[in-house]
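Have a look at the structure below before the remarks.
The values are calculated or read from the model by the stated rules, or taken from the named source; none is laboratory data. Remember, it's a predicted structure, so these values are computed and weren't measured experimentally. Cβ placement follows ideal geometry from the backbone for every residue including glycine, while neighbour counts extend to all protein chains displayed.
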Amino acid sequence: MERPSATRPLTAIASLRQLLDSLSREQHRNQELLSSLGFALRSFTNLGRFLELVPLVASRLVEAEGAVLVTLHPDGRLWREQLHANPADPAAAELLRQLASLSDEQLLQASGEEAVAQLLDRVVRRQLAERPLFATSVVARSRVRGRLYVVGPRSGLSWSDTHRRHVQLVADLAGVAIESEQLLQEARRHERVERQLSTGAEIQSQLLPDHCPVIEGVDLAARCRPAFQVGGDYYDFIPTRPQLLGRRREQGRWALVIGDVMGKGVPAGLLMSLLRGMLRAEVLSGLPPDRILHDLNQLAQEDLAQSHRFVTLFYSDYDPRTRLLRYANAAHNPPLIWRRLRNAVERLDAPGLLIGLQPEAQYGCEQIVLDPGDVLLCYTDGVTEASGLNGERFDEQRLLQALQAACRSGVGAQAILDQLFARLDRFVGPDRPLDDDASMVVLQVRDEVMLPPLSRLPS
């Protein structure tokens, strides 16, 4: 009678061992599946290939018949290229077809992420009839980017907390993959934009003078510092009689221009390039500054109206034979002129509206004779409106004081320009970018004798 009683405990122990072995194998299998999916996530180069694995792994983790992954674009539209199902499920193909037939309007009209999830759930449940179903959301960047469905057999499937955690983990990995792909695409877009900006900056740098021209009796220096790679500031030196060469050109009349397209970046840079071409054509007419601005305003009306932008522009022409500077101003920052004999700074201004504001705008024309040693400073509002560490603006008064100090030192135009930018940089603070494009042009009259009239010069 001892054998049966001894056999029963041995059988129970064997059964327990078999159960433990089975659980251990299942656990090991699940770990391997999740590890394989994690490895695929770390090394994937194709989002579609990775998402194909998601329903397959999810169904095997819980020993279900199949699984379906539905993904959405960031704007809420159905991502039809990324609908995936376990191919072993015979109903998968028809379900994917039903999901793909959902219109974007239906999804976009659903109010909120919960409503979108309910809409998708209804389509899936309608197709799968009475089969047991577990669904969870795929989340990326705190936004629902899809749904993962795991489908059991008609006989039923025991959903444990472990099963739910495993499926949720797979859905989370899918969300990480979608987010990674989105970040990668954004990085690529940024790279393309950077390349375009670099190209735009290169083109713009070629449009701005790469060096100051040689003009008899004056010393010139200029610099543009854009807030971005491409800016809306503009300055130029244009011979009013470009056919002149050599000394005759140096002694001829020159147009000195500085302007600012409202705004920054590529749009402002493109408009600046457009206006440069228009202005250079107008200068060839030989008209006085007020007529030049009037005609330029007429020509640019349509282009500026379409872009909803305006332009400030200071236009002047300088005759080195007489040292006469004629100028007109389209609401630009009035240039400053340091008078050496009086050791005082004056503002050069003339009445006029923004370029592009009114079709029939009128502009005043003023003139001034420069004396030897005088210094003319033209600048854009990015200089005076630059903000310091305390939030204050650099303003015109600080620029005036900096100009006086630089001019009194008795240095040339380039050194004056360098001192002005150095003073601006100290005010803004080290390694702090400017809020707006900043440009300055310095013209210094040399101590030289008056030139004879251009007509008397030999050819």
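Quick rundown of the values:
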{"quantity": "Positions within the stretch 331-352 being buried (at least 17 other Cβ atoms within 10 Å of the Cβ) and of a type in the set (A, V, I, L, M), in sequence order", "calculated": "ALA331, LEU336, ILE337, VAL345, LEU348, ALA350"}
{"quantity": "Selection status of LEU102, in the same structural domain as GLY175 (by TED's automatic domain parsing), in a helix (DSSP H, G or I) and either basic (Lys, Arg) or more than 34 Å from the chain's Cα centre (by Cα) (or both)", "calculated": "no"}
{"quantity": "Of residues in the stretch 312-330 being buried (at least 20 other Cβ atoms within 10 Å of the Cβ) and hydrophobic (A, V, I, L, M, F, W, C), the one nearest to the chain's Cα centre (by Cα)", "calculated": "LEU313"}
{"quantity": "Some residue of the stretch 183-200 being at pLDDT below 85, farther than 30 Å from ASN46 by Cα, out of contact with any helix residue (DSSP H, G or I) (no Cβ under 9 Å at 6 or more places or on another chain) and not aliphatic (A, V, I, L, M)", "calculated": "yes"}
{"quantity": "Per-region count, the stretch 301-343, residues of a type in the set (A, V, I, L, M), closer than 26 Å to ASP447 by Cβ and modelled with pLDDT of 95 or more", "calculated": "4"}
{"quantity": "Number of positions in the stretch 70-86 that are assigned to a loop (DSSP other than H, G, I, E, B) and either modelled with pLDDT of 85 or more or under 29 Å from the mean Cα position of the chain (by Cα) (or both)", "calculated": "7"}
{"quantity": "Residue count, the stretch 265-298 (criterion: free of Cβ contacts under 8 Å to residues at least 24 places away in the same chain and crowded, with 19+ Cβ neighbours inside 10 Å)", "calculated": "1"}
{"quantity": "The listed residue being assigned by TED's automatic domain parsing to the domain that holds GLY252, at pLDDT 95 or above and within 31 Å of the chain's Cα centre (by Cα), out of LEU434, LEU417", "calculated": "LEU417"}
{"quantity": "ASP161 vs. criteria more than 18 Å from ALA85 (Cβ to Cβ) and either surrounded by 15 or more Cβ atoms within 10 Å (Cβ to Cβ) or in contact with a Phe, Trp or Tyr (Cβ under 6 Å, 6 or more places away or on another chain) (or both)", "calculated": "no"}
{"quantity": "Meets criteria (of a type in the set (A, V, I, L, M, F, W, C) and modelled with pLDDT of 85 or more) for VAL167", "calculated": "no"}
{"quantity": "Complete set of residues in the stretch 326-348 that are in contact (Cβ under 8 Å) with a residue 40 or more places away in the chain, touching a strand residue (DSSP E or B) at 6+ places or on another chain (Cβ under 8 Å) and assigned to a loop (DSSP other than H, G, I, E, B)", "calculated": "HIS332, ASN333, PRO335, ARG340"}
{"quantity": "ALA135 being assigned to a strand (DSSP E or B), hydrophobic (A, V, I, L, M, F, W, C) and assigned by TED's automatic domain parsing to the domain that holds VAL176", "calculated": "yes"}
{"quantity": "Whichever residue in the stretch 353-399 is of a type in the set (Asp, Glu) and part of a loop (DSSP other than H, G, I, E, B) and, among such residues, is surrounded by the most Cβ atoms within 10 Å (Cβ to Cβ)", "calculated": "ASP374"}
{"quantity": "Number of the condition not met by PHE394 [criteria: (1) without any contact (Cβ under 8 Å) to a residue 12 or more places away in the chain; (2) farther than 30 Å from GLY252 by Cα]", "calculated": "(1)"}
{"quantity": "Total residues in the stretch 101-122, condition of a type outside the set (S, T, N, Q), farther than 13 Å from ASP75 by Cβ and surrounded by fewer than 11 Cβ atoms within 10 Å (Cβ to Cβ)", "calculated": "2"}
{"quantity": "Filter result (of a type in the set (Gly, Ala, Ser) and at pLDDT below 80) within the stretch 245-282", "calculated": "GLY263, GLY265, ALA268, GLY269, SER273"}
{"quantity": "Residue within the stretch 31-48 that is at pLDDT 80 or above, loosely packed, with under 12 Cβ neighbours inside 10 Å and of a type in the set (Lys, Arg) present", "calculated": "no"}
{"quantity": "The lone exception for ARG248 - which of (1) touching a residue at least 60 places away in the same chain (Cβ under 8 Å); (2) surrounded by 19 or more Cβ atoms within 10 Å (Cβ to Cβ); (3) charged (D, E, K, R) it fails", "calculated": "(2)"}
{"quantity": "Pairs, first at pLDDT 85 or above in the stretch 223-235, second among the β-branched types (Val, Ile, Thr), C-beta under 8 Å, six or more apart", "calculated": "TYR234/VAL257; TYR234/ILE258; TYR234/VAL261; TYR235/VAL257; TYR235/ILE258; TYR235/VAL441"}
